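S.K.: Can you read through this structure? Questions will come right after.
The values are calculated or read from the model by the stated rules, or taken from the named source; none is laboratory data. Quick caveat: nothing in here was measured; it's all calculated off a predicted structure. Don't worry about glycine lacking a Cβ; one is built from the backbone with ideal geometry, like all the others, and counts go over all protein chains shown.
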Amino acid sequence: MNYVYYASLGVAVLALFYAFLLYRNILKEDPGTPKMIELSNHIKRGAMAFLKREYQILAVFVSLIFVVLLLAMNTATAVAFLVGASFSSLAGYVGMRAATDSNSRTASAAECCGIPKSLSIAFNGGSIMGISVVGLGLSGLLIIYITLTRMLGYTEANTIQIITGFGLGASLIALFARVGGGIYTKAADVGADLVGKIEAGIPEDDPRNPAVIADNVGDNVGDVAGMGADLFESYVGSIIAALTLGITYLDGTFVTEAITFPILLAGIGILSAIIGSRFVKGKDGVNPHSALELGTYISGLLVIIPAFFLSQALFGSYRPFTAVVIGLVVGTVIGKVTEYYTSGKFRAVKAIASQSKTGHATNIIAGNAYGMQSTAIPTIVLALGIVAAYHFGGGLYGIALAAVGMLSTSGMTVAIDAYGPIADNAGGIAEMASMHPKVREITDQLDSVGNTTAAIGKGFAIGSAALTSLALFVSFIKASGISGIDLSNPLVTAGLLIGAMLPFLFSSITIQSVGKAANKMIDEVRRQFKEFPGIMKGTHTPDYAKCVDISTKAALYEMIIPGVMAVTVPIVVGFTLGPEALGGLLGGTLGSGLMLAIFMSNAGGAWDNAKKEIEQSGDKGSEAHMASVTGDTVGDPFKDTAGPSLNILIKLMTIVSLVFASLF
């Protein structure tokens, strides 16, 4: 079946070419007035400067781990790790370039042509990121697989063990990108909101706010580069988990088929995402969310149909197909539940907006309550999905296939997620360039949908993290040579408790990092307002670069401790307490991390859209609006820093344990 691997590699390369064509077409669109171009260039320079400095720091960590793998494992695993880290970094870079080149063009399209054109540009800008993520992910895996098995003569089992190094590289970059980008964007956002909106009483994205450029840069480094690395890691992690369990737990006669199926499915998923993206077309007077949903459903359908025939052709059974469908269904349900708790169309957001009328405290209470409540249905659905995939989809291999199924349309999922920051930036440029109010109305409508799609994307990533981590966890048990995890063993219980604590400690560190960075930002914005009264009169230009520098330095410094902790804790526990305790640690981290991630992501999304609900009702500047800004500010590090970082923490700790399992 050699042709299968080369065919899938061809599809991955085709995806990258398609992304290049999209980028070239976006560059042909009108970037707007000289003022819009100037603002867009400010954002682009700030974003690319941050990315460059972040990657310089990450290069040090990657080099250190490369040397460790070289000495402790083998050259092939170390090289695979390096390729995974490089491809993940490249995905972030591509997404950042596309997003920063799309923002002013989206605003310009909104002015001349309304929602259809502006939605198309914003979504195509996001599609470049989405298609690049899956194209780079699948091509990286297949290049390593084909090189080792077809050119160097490695066995399939040895090759797949080495490929876990690729996943480790992707996970490492993803965690640092999510944490660093999240700290950057929320430090700027919190500083801009608290001083600009509440103290100075000026609108969001007002050019008089010194933190406004840093805030718009943050949308890209956190929600584009960080999110892209996150989904890149989830995507390749699910495929690696399926390959590992296919080798380990299926009958020897189906080993080749077990490897072929997820690789083919990934290739089909890429084609499905490309086709589905062509159906995203907006119409005036129609909610853009409907167009995005249509593209998602078409992509999912185009995966299900071929999976049905492939399952029978390869295995003589529909069980693998059943597992894929279960994964897609679980992902869809989690997305719908997330939408219910974070969209302004439904009860939760409306209730939080209503509670804001009685003050800041009741807004916070309502947001926390709904955030906690939102963990129930996704957790139950995930639990049922795991049981169903195991019993009806082919045992442990079925659980891994459910994760592959859930992430098979990642090209579309990432595209929709990356569309949000582009729309947000377009709104900021419209405000700063003093464009016609109708432009801001259009971009606000696109941005409001973007907030919901971003929350759905985070919920999707969290759900896939649970399935992928479980599959990798089973692989770790097998690789470490232990028979299972026995809770009556005190070492296992100790590991379980430490693991359950880690997501809370990790979240505390990242949220405090946002707070410390935001304090510096607030002091700087206040200083500029005080020392240069002409800023508020519009006669003096704020020092935007100073605020960009504050966020950059704070994010790069503060991201180090959480990243190092995620890598070192599993290794320390594995060597000191043993593999059984490490198994307990991974189980505890998965359980508490999943709950905390869902809670924080949904609470933050609900607070954000509750604020927008009040703003769209015409109550800007009211006491309820001030309370909603406070809730949004509290929710910012929840939904954009700590929450989405937790799903990477869960997977990174699991794959670190798997890579080093033989040493324990």
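S.K.: Among 145, 93, which is the only one that is within 16 Å of the chain's Cα centre (by Cα) and either farther than 16 Å from residue 21 by Cα or free of Cβ contacts under 8 Å to residues at least 12 places away in the same chain (or both)?
M.R.: 93
S.K.: Restricted to the stretch 234-253, and to residues that are modelled with pLDDT of 70 or more and touching a Gly at 6+ places or on another chain (Cβ under 7 Å), which residue is surrounded by the fewest Cβ atoms within 10 Å (Cβ to Cβ)?
M.R.: Result: 240.
S.K.: Does residue 313 count as within 26 Å of the chain's Cα centre (by Cα) and within 28 Å of residue 391 (Cα to Cα)?
M.R.: Numbers: within 26 Å of the chain's Cα centre (by Cα): no; within 28 Å of residue 391 (Cα to Cα): yes.
No.
S.K.: Taking the stretch 366-383, which residues are surrounded by fewer than 15 Cβ atoms within 10 Å (Cβ to Cβ) and either touching a helix residue (DSSP H, G or I) at 6+ places or on another chain (Cβ under 8 Å) or touching a residue at least 60 places away in the same chain (Cβ under 8 Å) (or both)?
M.R.: Taking the stretch 366-383 and keeping what is surrounded by fewer than 15 Cβ atoms within 10 Å (Cβ to Cβ), we get 372-373, 376, 380, 383.
372, 373, listed by residue number.
S.K.: Starting from residues that are of a type in the set (Gly, Ala, Ser) and farther than 30 Å from residue 158 by Cβ, keep the ones in the stretch 476-498 and report whichever is surrounded by the most Cβ atoms within 10 Å (Cβ to Cβ).
M.R.: Here the residue is 494.
S.K.: Taking the stretch 524-544, which residues are surrounded by fewer than 19 Cβ atoms within 10 Å (Cβ to Cβ) and either over 33 Å from the mean Cα position of the chain (by Cα) or free of Cβ contacts under 8 Å to residues at least 12 places away in the same chain (or both)? Walk me through it before giving the result.
M.R.: Within the stretch 524-544, the first condition is being surrounded by fewer than 19 Cβ atoms within 10 Å (Cβ to Cβ), and the residues that meet it are 526-527, 530-534, 536-541, 543.
Residues satisfying the conditions are 527, 530, 531, 532, 533, 534, 536, 537, 538, 539, 540, 541.
S.K.: May I ask you to list the residues in the stretch 195-206 that are part of a loop (DSSP other than H, G, I, E, B) and either under 24 Å from the mean Cα position of the chain (by Cα) or crowded, with 21+ Cβ neighbours inside 10 Å (or both)?
M.R.: Of all residues in the stretch 195-206, those part of a loop (DSSP other than H, G, I, E, B) come to 200-206.
Answer for the stretch 195-206, where residues must be part of a loop (DSSP other than H, G, I, E, B) and either under 24 Å from the mean Cα position of the chain (by Cα) or crowded, with 21+ Cβ neighbours inside 10 Å (or both): 204, 205.
S.K.: In the stretch 471-495, which residues are aliphatic (A, V, I, L, M) and in contact with a Ser or Thr (Cβ under 9 Å, 6 or more places away or on another chain)?
M.R.: Initially, the stretch 471-495 is screened for residues aliphatic (A, V, I, L, M), giving 471-472, 474, 477, 479, 482, 485, 487, 491-492, 494.
Residues satisfying the conditions are 471, 472, 474, 477, 479, 487.
S.K.: Shifting gears a bit: Scan the stretch 287-311 residue by residue and report those that are in contact with a helix residue (DSSP H, G or I) (Cβ under 7 Å, 6 or more places away or on another chain) and at pLDDT 85 or above.
M.R.: Across the stretch 287-311, the qualifying residues are 298, 299, 300, 302, 303, 304, 306, 307, 308, 310, 311.
S.K.: Hey, any hits in the stretch 40-55 for a residue that's in a helix (DSSP H, G or I), touching an Asp or Glu at 6+ places or on another chain (Cβ under 6 Å) and farther than 18 Å from residue 166 by Cβ? Before the answer, list the steps.
M.R.: Filtering the stretch 40-55 down to residues in a helix (DSSP H, G or I) leaves 40-55.
With touching an Asp or Glu at 6+ places or on another chain (Cβ under 6 Å) added as a condition, the list becomes none.
Checked the stretch 40-55: no residue is in a helix (DSSP H, G or I), touching an Asp or Glu at 6+ places or on another chain (Cβ under 6 Å) and farther than 18 Å from residue 166 by Cβ.
S.K.: Please determine whether any residue of the stretch 158-176 is surrounded by fewer than 24 Cβ atoms within 10 Å (Cβ to Cβ), hydroxyl-bearing (Ser, Thr, Tyr) and touching a helix residue (DSSP H, G or I) at 6+ places or on another chain (Cβ under 6 Å).
M.R.: Among the residues of the stretch 158-176, at least one is surrounded by fewer than 24 Cβ atoms within 10 Å (Cβ to Cβ), hydroxyl-bearing (Ser, Thr, Tyr) and touching a helix residue (DSSP H, G or I) at 6+ places or on another chain (Cβ under 6 Å), which makes the answer yes.
S.K.: Exactly one of these conditions fails for residue 212: (1) modelled with pLDDT under 80; (2) over 21 Å from the mean Cα position of the chain (by Cα). Give me its number.
M.R.: Failing condition for residue 212: (1).
S.K.: Now for a different question. Could you check the stretch 79-110 and list, in sequence order, the residues that are surrounded by fewer than 24 Cβ atoms within 10 Å (Cβ to Cβ) and farther than 30 Å from residue 659 by Cβ?
M.R.: Residues satisfying the conditions are 97, 101.
S.K.: Can residue 634 be described as among the β-branched types (Val, Ile, Thr), surrounded by fewer than 24 Cβ atoms within 10 Å (Cβ to Cβ) and part of a helix (DSSP H, G or I)? Walk me through it before giving the result.
M.R.: Working: among the β-branched types (Val, Ile, Thr): yes; surrounded by fewer than 24 Cβ atoms within 10 Å (Cβ to Cβ): yes; part of a helix (DSSP H, G or I): yes.
Yes: the conditions hold for residue 634.
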